[in-house]
Amino acid sequence: MIEVKGVAKEFAGQVVLEAIDLQIADNEFFVLVGPSGSGKTTLLKLLNRLEDPDGGQILIDGQDTQAMDLRDLRLEMGYVLQKIALFPNLTVLENIELIPEMKGMAKDVRRQKARDWLDRVGMAADVYADRYPRELSGGEQQRVGILRALIGEPKVLLMDEPFSALDPITRRQLQDEMRDLQEKLDLTIVFVTHQMSEALYLGGRICIIKDGRVQQVDTPEGIQAQPANDFVAEFFEKRGDANGSFTDNL
């Protein structure tokens, strides 16, 4: 379980997060959604200490992340960005193998594991293993980035607007693949998006943030049935048709 207790963060004297309290259960698909500048990406970065809080605590399975070895903490958390930043001089297979290599996995074992993962997401290893990132489509690059994050068998996967630059068809394909993988692997996923439609489609629970404050945490059905305030209701209505209607997405 991830527990966020009274967490606050400022940059240059400007409050970005204010007294955030959250609990994220094991094996939960938890989505952070809000407008640009709401603090959701900062909160995500606090979970693996890319940023440190100015106040409050973040606990993972009861242990304060500030007391944990930073390298160990990050190796136990996969991290997927919008700009996947594959190493251009490494092949697809070599990119995927990076985390197992850092964990000391034998070369033959990690290589076979990487090939198995490629096959699993429909990128035949015999076809894609020796290609370079420049030879891949945007969706294929993103799949490789996700595999690179998953192959080390992290307890938690952090995803920061990973599909926002993709075309709608590829985006929906990857959304479906992530839902399937999360269920099969019993992963805890914390996913950031600015699109309410994506949050509703993916999230088991959704946290809506505005101006560094939590507005509502609930299931998609709960938010639809009873928005906590006018902002949530308006955000719901304004963002709902970004990638199709809510009826289509639920």
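Taking every residue in the stretch 132-160 that is part of a helix (DSSP H, G or I) and pairing it with any residue that is open to solvent by 10 Å² or more (accessible area, probe 1.4 Å) and among the basic types (Lys, Arg), at least 6 positions away or on another chain, the pairs with Cβ-Cβ distances below 9 Å are GLY139/ARG171; GLU140/ARG131; LEU147/ARG120.
Output yes when any residue across the stretch 143-156 is open to solvent by 60 Å² or more (accessible area, probe 1.4 Å) and either at pLDDT below 90 or touching a Cys at 6+ places or on another chain (Cβ under 6 Å) (or both), and no when none is. Yes: one or more hits. Of all residues assigned to the stretch 104-127, none qualifies as being open to solvent by less than 40 Å² (accessible area, probe 1.4 Å), assigned to a loop (DSSP other than H, G, I, E, B), more than 22 Å from PHE163 (Cα to Cα) and touching a helix residue (DSSP H, G or I) at 6+ places or on another chain (Cβ under 9 Å).
Residues in the stretch 30-38: is at least one in a strand (DSSP E or B), open to solvent by 10 Å² or more (accessible area, probe 1.4 Å) and out of contact with any helix residue (DSSP H, G or I) (no Cβ under 7 Å at 6 or more places or on another chain)? Checking the stretch 30-38: not a single residue is in a strand (DSSP E or B), open to solvent by 10 Å² or more (accessible area, probe 1.4 Å) and out of contact with any helix residue (DSSP H, G or I) (no Cβ under 7 Å at 6 or more places or on another chain). Across the stretch 40-99, the qualifying residues are those that are farther than 27 Å from LYS113 by Cα and polar (S, T, N, Q), and the one among them that is least open to solvent (accessible area, probe 1.4 Å) is THR65. In the set (1) open to solvent by less than 50 Å² (accessible area, probe 1.4 Å); (2) part of a strand (DSSP E or B), the condition left unmet by GLN23 is number (1). Sub-7 Å Cβ pairs linking a first residue in the stretch 210-223 that is under 15 Å from ALA19 (Cβ atoms) and in a strand (DSSP E or B) to a second residue that is open to solvent by 20 Å² or more (accessible area, probe 1.4 Å) and at pLDDT 95 or above, at least 6 apart or interchain, are VAL217/ARG205, ordered by first then second residue. In the stretch 189-225, the qualifying residues are those that are open to solvent by 10 Å² or more (accessible area, probe 1.4 Å) and of a type in the set (Ser, Thr, Tyr), and the one that is farthest from the chain's Cα centre (by Cα) is THR219.
The values are calculated or read from the model by the stated rules, or taken from the named source; none is laboratory data. All of these numbers come straight from a predicted model, not from anything done at the bench. Neighbour counts run over all protein chains shown; Cβ positions are idealised from the backbone, glycine included. Ligands, DNA and RNA are excluded from the accessible area calculation, which covers all protein heavy atoms including side chains. Shrake-Rupley method; radii C 1.70, N 1.55, O 1.52, S 1.80 Å.
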